[in-house]
Amino acid sequence: MKSSAMDIYRMLQKYNVFAIVVHRGPDGDAIGSALAWQKIINAMGKECIVIAPDDYPAFLRWLPGAKDILVHANDATRVKEALKLCDMVFCLDFNASDRMGPAEADVVKAGKPFAIIDHHRFPSDFAEAYYVDDEASSTAELIYRLSVELNLDGSIDSEVATCLYTGLVTDTGSFRYPSVRADVLRIAAALLATGMDHVEIYEQVYNSNRIEQLRLKGFALSERLKLTGGDQAAYIYLSASDLARFDFRPGDTEGLVNYALSIKGVHVAAFFAEKDKIVKISLRSKGILDVNNLAREHFKGGGHIHAAGGRSELSLEQTCRKFESLMNERYEKS
Ligand code: 5GP
Ligand code: MN
């Protein structure tokens, strides 16, 4: 499918009421880019509502406009009304309909045309317009580039910049990942020049921990971190009762998988969390192993080469064994 800023522009011209939907378990990039795109659309004199399938982490609640996000898991009726009233739906930060989780049925049933703005690999064919680039660091980067291409960047004020910068920071591991090209830093510089407060973003995103959240991390690292695959792979697992013990809330385990990947000699890391009767999986790698393929082939998911996610209907223990045998197959002989 063709990535075309003009196709997006034609839809922006044609319609007046928009909905933006993000993926389930929304992160800083999903929420940041959705709120930014909403404000840019509003600045065109058009209406726009942001819908999240389920709740987003508390560390994003301070973002300008976040409080007006409609959360399907909390209020499906209002989401259905908003979908009925809109002319079209922008899908941000995901590219396959099932990433909306339990909200998918209601969004699809509304029967409105879709446009996708996203940076994941292998977009599915369910939209009328696409603005996609799997080499982009984040959807926030794409919103910025799209706004420039469509001459809408005049609306990037300090509030829009705050939302986009949050997406950049969270999806690049604070500008550390290989996805950070010179252009990404140029965009960050342009956002900073609006007068936004980047120190405040770090404070809100990284220094707003609850004590239970830190204790959960401590517990995970001391009791639930294992090496496998000839010590070249590592994983962390948390059962539903582990999560309950530390009063788990959305976002509490964000970044945990990176500790497993930080072990010297480890090339692949996984995080398994038992939630809603399934095991939610996060995968990370460095070097050549493509965790997007690993997630697609073995864990009903996808994502990027170095960061992907998926799910397993096996028990937590069986899921860990499955990962161990995949890693042993890959690394033990080498
Ligand atoms: P995380 O581990 O932070 O939840 O996700 C890492 C990356 O994989 C993100 O880009 C995310 O969008 C993608 N991802 C996470 N879970 C899934 C999933 O269940 N399916 C697919 N296709 N992608 C996922
Ligand atoms: Mn993203």
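The values are calculated or read from the model by the stated rules, or taken from the named source; none is laboratory data. Everything quoted here is computed from the prediction, not taken from an experiment. Ideal geometry is used to build each Cβ from the backbone, glycine not excepted, and the neighbour counts take in all protein chains shown.
The table below gives the values:
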read-out	value
Boolean, I281 is at pLDDT below 95 and β-branched (V, I, T)	no
Residue in segment 59-70 that is under 22 Å from S124 (Cα atoms) and out of contact with any Gly (no Cβ under 8 Å at 6 or more places or on another chain) present	no
Verdict on G287 being within 16 Å of ligand 2 (Cβ to nearest atom) and not hydrophobic (A, V, I, L, M, F, W, C)	no
Subset tally (residues that are out of contact with any Pro (no Cβ under 6 Å at 6 or more places or on another chain), within 16 Å of ligand 1 (Cβ to nearest atom) and part of a loop (DSSP other than H, G, I, E, B)) for segment 26-72	4
Residue check for D242: more than 25 Å from N95 (Cβ to Cβ) and either assigned by TED's automatic domain parsing to the domain that holds G28 or outside any helix (DSSP H, G or I) (or both)	no
Cross-chain or 6+ apart pairs with Cβ under 6 Å, segment 84-100 first and touching a residue at least 24 places away in the same chain (Cβ under 8 Å) and over 27 Å from F299 (Cα atoms), then among the β-branched types (V, I, T) and surrounded by 22 or more Cβ atoms within 10 Å (Cβ to Cβ)	V89/V21
Answer from L146, L152, L168 - the residue that is surrounded by 14 or more Cβ atoms within 10 Å (Cβ to Cβ), under 27 Å from M6 (Cα atoms) and either in the same structural domain as P250 (by TED's automatic domain parsing) or touching a strand residue (DSSP E or B) at 6+ places or on another chain (Cβ under 8 Å) (or both)	L146
Condition broken by A295, with the remaining ones in (1) of a type in the set (A, V, I, L, M, F, W, C); (2) under 25 Å from D171 (Cβ atoms); (3) not in a helix (DSSP H, G or I) satisfied	(3)
Scan of segment 64-101 for residues that are over 16 Å from the mean Cα position of the chain (by Cα) and either acidic (D, E) or within 16 Å of ligand 2 (Cβ to nearest atom) (or both), ordered by number	D68, D75, E81, D87
In segment 201-238, the residues that are surrounded by 13 or more Cβ atoms within 10 Å (Cβ to Cβ) and aliphatic (A, V, I, L, M)	I201, V205, L216, A220, L221, L225, L227, A233, A234, I236, L238
Number of the condition not met by V17 [criteria: (1) β-branched (V, I, T); (2) surrounded by 17 or more Cβ atoms within 10 Å (Cβ to Cβ); (3) within 19 Å of Y130 (Cα to Cα)]	(2)
Some residue of segment 160-173 being within 16 Å of ligand 1 (Cβ to nearest atom) and among the aliphatic types (A, V, I, L, M)	yes
The lone exception for G255 - which of (1) within 24 Å of the chain's Cα centre (by Cα); (2) at pLDDT 95 or above; (3) surrounded by fewer than 20 Cβ atoms within 10 Å (Cβ to Cβ) it fails	(2)
Test: R78 is assigned to a helix (DSSP H, G or I), of a type in the set (K, R) and either within 16 Å of ligand 1 (Cβ to nearest atom) or in the same structural domain as H304 (by TED's automatic domain parsing) (or both)	no
Residue satisfying all of: in segment 110-126; free of Cβ contacts under 8 Å to residues at least 40 places away in the same chain and more than 16 Å from ligand 1 (Cβ to nearest atom); nearest to V148 (Cα to Cα) among these	F114
Candidate set: segment 274-297, residues that are surrounded by 23 or more Cβ atoms within 10 Å (Cβ to Cβ) and more than 17 Å from the chain's Cα centre (by Cα); chosen: the one farthest from P178 (Cα to Cα)	V279
Residue match in segment 264-271 (condition: under 22 Å from the mean Cα position of the chain (by Cα), at positive phi and part of a loop (DSSP other than H, G, I, E, B))	no
Verdict on A190 being in contact (Cβ under 8 Å) with a residue 12 or more places away in the chain and either surrounded by 18 or more Cβ atoms within 10 Å (Cβ to Cβ) or within 15 Å of ligand 2 (Cβ to nearest atom) (or both)	no
When residues of segment 171-187 are limited to those that are among the charged types (D, E, K, R), surrounded by 13 or more Cβ atoms within 10 Å (Cβ to Cβ) and within 23 Å of N258 (Cα to Cα), the one farthest from ligand 2 (Cβ to nearest atom)	R181
